[in-house]
Structure formats: C-alpha cells, structure tokens
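**Q** Before anything else, here's the structure in question.
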Amino acid sequence: MAEPLLSVQDLSVSFPSAAGMVRVVDGIGFSVDREIVALVGESGSGKSMTGRAIMGLLPHHAQMRAARLSFGGQDLLSLPASGWNALRGNGIGLILQDPKYSLNPAHKVGRQVEETLLLHTRLSGAERREQALDMLHKVGLPDPKRVYSSYPAALSGGMGQRVMIAAMLINRPKLLIADEPTSALDRELQSQILALLRSLTEEFGMGLLLISHDLQQVAQFADRAVVMRGGRIEEELASADLANAQSAYTRALWAARPSAKTYGTRLPVYGAGA
Ligand SMILES: Nc1ncnc2c1ncn2[C@@H]1O[C@H](COP(=O)(O)OP(=O)(O)OP(=O)(O)O)[C@@H](O)[C@H]1O
Ligand SMILES: [Mg+2]
C-alpha cells in the first residue's frame, strides 16, 4: 500500500525548564491522507506544537525527535533548510487562528496573497494577479478586485480569514494545517469557513489537519479525530463516533462547547494534568 501523504511516528517535542527537559509532545503517531483529520484536546495538550513540528516551525529552544516524519514519501527528518523552505512554499500550508496576526497591516491584500507565487514560481505580475483574483473568488469573497487592493484593516474577521486561506492555497499545497482557524470568529462564520475549507480540500484533493478545541464542530467537518491529552494520544476515532466516545476525557471535551471567550483557557476536564 502507498504511504499516506503525511506520516508521523513517535514524535516528541521538549522544552528546557528549571526542572530539566519537559516533554510537551510525548511519542505520538498518526497519519493524514487526502482527508480531513482533526487534532483535538484540551488547552496545552500539545496540538499546536505538533502542527509546528510538522512544519519545521518550532520555537528555537524546543527539541524535537521522531522515528519518522514523512510527507509525500519524502523524509522530513533529513531535509536541509532549503528543503524546508520549498516545502513550506509548495507542499504544506499553515493557517493560524487570527488573521490579525498573520496578515501584514502595512501591505495590501493582493501582494500578500501573491507572495508565495513571487517566491516559488516564475509567473509574471499579470499572471500572479490573475491567479490571486481567482483564488479570492474561490474562497467566497465578493468583489475580489476591491479586496485585492484593500489593506487588511479594511476587512472583517471572516473576510480576513478567507484572505488567509486564499494566500495558503494559491500554490496548491498538498497538505494544509489549520490551527484553530476559526476560533476568533462567531459561530455562524466558523461554520461557513469550515465548510469552505472542506469543499476546497475536496476540490484540490488535499489533506487537511484541522487543529481544534471544538469537538462538535469537528464531528461535523472532519473525517477522523486524533484526541490529545498531556502530549499523548488518548484515542483516535472516526468523527462520527465522537458523540459516543469511550474515553471519559473525550466525552468531557465533547460536553465542553468552547467559544472564542474560552480559547486558551483550560477546559474543565476532571483532574487531567497536561
Ligand atoms: N515556547 C515555549 N516554551 C516552553 N513551553 C511551551 C512553549 N510553547 C508552548 N509550551 C508548552 O507546551 C505545551 C503544549 O502547548 P501547545 O501550544 O502545543 O498546546 P495546545 O494544545 O495547542 O493548546 P491550545 O489549545 O491552548 O492552543 C503547553 O504546556 C505549553 O505551556
Ligand atoms: Mg494551540
């Protein structure tokens, strides 16, 4: 059988502390193919560090090791720095929680959406503009030309997040990692953005690793869920089974119904240490 798009085996991430190295990701393994896999778990369980490890974007003082980390059959553990740059430009895209921190306020939207084309292709300015307008249209923005020449401050949160998605998809990555891509938005907008990510994932034949607090949303939009607790994998299950999970931890997450307000706070899970 062919190897999955992304394969992670025995991945650990540690940080130095006064008491020695602390493992925040502790020997986890999972895979993502052309499907939507959700990485869920309480705050501090290691979801973001897992996503960043896959992108080669860990904080500089973090230490990482893995038995295997491969993407499209390519071994990422032996990749030189230039290979990581190419990978981030062409192979894997990352969307973060809040477009306010991801879009540069000093540059117009069009330039930011086109940036990866500028870095990784030889397209002309006119060709880049055409592709950017096409992608702004694909992510459901009305009047792409106006958005193209706007500054981020002129956009609402939902529009900003659509722009981020356009910027990430313009080079047609094979895998998208979306770290809480909607937690700064209201519920109605969250559903719209997740539905958009889902349809684009299918249209482009991508894999999507969706990092989320919100299990009820995950049940609606993902194919499978990997549940993290204290840096380990508590269980892995089909999204359809989340409502009836065996693990008490997963059931507590299911009942917790997080919101933008509770983002970053610890969920009330019985005595669970991170
Ligand atoms: N730069 C850092 N230095 C030391 N420890 C860190 C650093 N960044 C994160 N950690 C620790 O790593 C652990 C995992 O963090 P991570 O950000 O992956 O959690 P998370 O599951 O994404 O949480 P959230 O749902 O709140 O985003 C946490 O205990 C956190 O305190
Ligand atoms: Mg996180």
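The values are calculated or read from the model by the stated rules, or taken from the named source; none is laboratory data. Values in this document were obtained by computation on a predicted structure and should not be read as measured data. No Cβ is skipped: glycine too gets one built from the backbone with ideal geometry, and neighbour counts run over all protein chains shown. Calculation scope for accessible area: heavy atoms of the full protein, side chains included, ligands and nucleic acids excluded. Shrake-Rupley method; radii C 1.70, N 1.55, O 1.52, S 1.80 Å.
**Q** Which condition breaks for residue 231 when tested against (1) crowded, with 20+ Cβ neighbours inside 10 Å; (2) under 16 Å from the mean Cα position of the chain (by Cα)?
**A** Here residue 231 meets the rest and fails (2).
**Q** Tell me the helices (runs of 4 or more DSSP H) entirely within segment 76-195 that contain at least 3 residues that are buried (at least 18 other Cβ atoms within 10 Å of the Cβ) and on the phi < 0 side of the Ramachandran plot.
**A** Values: elements: 81-86, 99-102, 109-120, 125-138, 144-148, 157-169.
Those helices (runs of 4 or more DSSP H) span 109-120, 125-138, 144-148, 157-169.
**Q** Here's a follow-up. Return the total of residues in segment 50-75 being open to solvent by less than 50 Å² (accessible area, probe 1.4 Å), within 16 Å of ligand 2 (Cβ to nearest atom) and out of contact with any Phe, Trp or Tyr (no Cβ under 6 Å at 6 or more places or on another chain).
**A** Selection size over segment 50-75: 7.
**Q** I would also like to ask the following. Against the condition out of contact with any Pro (no Cβ under 9 Å at 6 or more places or on another chain), open to solvent by 40 Å² or more (accessible area, probe 1.4 Å), in contact (Cβ under 8 Å) with a residue 60 or more places away in the chain and more than 16 Å from ligand 1 (Cβ to nearest atom), how does residue 198 come out, does it pass? Break it down into steps so the answer makes sense when it comes.
**A** Details: out of contact with any Pro (no Cβ under 9 Å at 6 or more places or on another chain): yes; open to solvent by 40 Å² or more (accessible area, probe 1.4 Å): yes; in contact (Cβ under 8 Å) with a residue 60 or more places away in the chain: yes; more than 16 Å from ligand 1 (Cβ to nearest atom): yes.
Against the criterion (out of contact with any Pro (no Cβ under 9 Å at 6 or more places or on another chain), open to solvent by 40 Å² or more (accessible area, probe 1.4 Å), in contact (Cβ under 8 Å) with a residue 60 or more places away in the chain and more than 16 Å from ligand 1 (Cβ to nearest atom)), residue 198 qualifies.
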